[in-house]
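Encoded as structure tokens, here's the structure I'll be asking about.
The values are calculated or read from the model by the stated rules, or taken from the named source; none is laboratory data. Note that the structure is predicted; figures quoted are calculated from it, not measured. We place every Cβ from the backbone using ideal geometry, glycine too, and count neighbours over all the protein chains shown.
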Amino acid sequence: MTCNKRFKWHGFVRRFFVNTFRRRYVRNQLRVRKGSCAQCGKCCRLVYRCPFLTKAGKCLIYTRGRPAQCRNFPVDIHDIERAGSNCGYYF
Ligand code: SF4
């Protein structure tokens with residue numbers, strides 16, 4: 001596994017862990033998060049291409065039960081760095 005691939009999987013596991021077990025941290029982070037989603041879809045391709053991402057680049061389940069790690073992306077500056085620092089949100 002290359003270093004870059006390992007970095008991506010680390011982010012995936014971290015997002016799952018934080019959104020599952022550190023909900024207070026997530027709530028606090030979302031309060032200070034600024035900006036808005038530019039709908040670039042980068043967070044839908046961080047480790048693998050999400051199966052719910054359509055060819056038009058839209059989320060099939062956007063209003064119907066997206067997992068917390070999708071709804072809450074980015075939780076902090078680490079997530080933004082993983083998205084190539086081009087996310088519409090900032091801290
Ligand atoms: S990377 Fe940021 S701006 Fe792009 S789709 Fe995800 S949340 Fe929205």
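Restricted to the range 48-91, and to residues that are of a type outside the set (F, W, Y) and in contact (Cβ under 8 Å) with a residue 60 or more places away in the chain, which residue is nearest to G35 (Cα to Cα)?
It comes out as V75.
Yes/no matrix, rows are residues, columns are (1) touching a strand residue (DSSP E or B) at 6+ places or on another chain (Cβ under 7 Å); (2) of a type in the set (F, W, Y):
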| position | (1), (2) |
| --- | --- |
| V18 | no, no |
| F21 | no, yes |
| K42 | no, no |
| A56 | no, no |
| C59 | yes, no |
| A68 | no, no |
| V75 | no, no |
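Name the residue that is nearest to the ligand (Cβ to nearest atom), counting only residues in the range 46-66 that are within 18 Å of V13 (Cβ to Cβ) and surrounded by 13 or more Cβ atoms within 10 Å (Cβ to Cβ).
The qualifying residue nearest to the ligand (Cβ to nearest atom) is L46.
Just to be sure, is R31 more than 9 Å from the ligand (Cβ to nearest atom) and at pLDDT 95 or above? It would help to see each step written out before you state the result.
Values: more than 9 Å from the ligand (Cβ to nearest atom): yes; at pLDDT 95 or above: yes.
Yes: the conditions hold for R31.
So, of the residues in the range 67-91 that are β-branched (V, I, T) and not in a loop (DSSP other than H, G, I, E, B), which turns out to be farthest from the ligand (Cβ to nearest atom)?
Of everything passing the filter in the range 67-91, I77 is farthest from the ligand (Cβ to nearest atom).
Any chance you could count how many residues in the range 15-38 are surrounded by 11 or more Cβ atoms within 10 Å (Cβ to Cβ) and touching a residue at least 24 places away in the same chain (Cβ under 8 Å)?
Here the count works out to 13.
Next up: Does R49 meet the test of being closer than 15 Å to F16 by Cα and in a loop (DSSP other than H, G, I, E, B)?
Details: closer than 15 Å to F16 by Cα: no; in a loop (DSSP other than H, G, I, E, B): yes.
No.
Looking at C43, is it within 10 Å of the ligand (Cβ to nearest atom), on the phi < 0 side of the Ramachandran plot and buried (at least 18 other Cβ atoms within 10 Å of the Cβ)?
Working: within 10 Å of the ligand (Cβ to nearest atom): yes; on the phi < 0 side of the Ramachandran plot: yes; buried (at least 18 other Cβ atoms within 10 Å of the Cβ): yes.
Yes; evaluated as a whole, the condition is true for this residue.
Let me ask something else. Report whether or not Y90 is hydroxyl-bearing (S, T, Y), at pLDDT 90 or above and in contact with a Lys or Arg (Cβ under 6 Å, 6 or more places away or on another chain).
Answer is yes for this residue.
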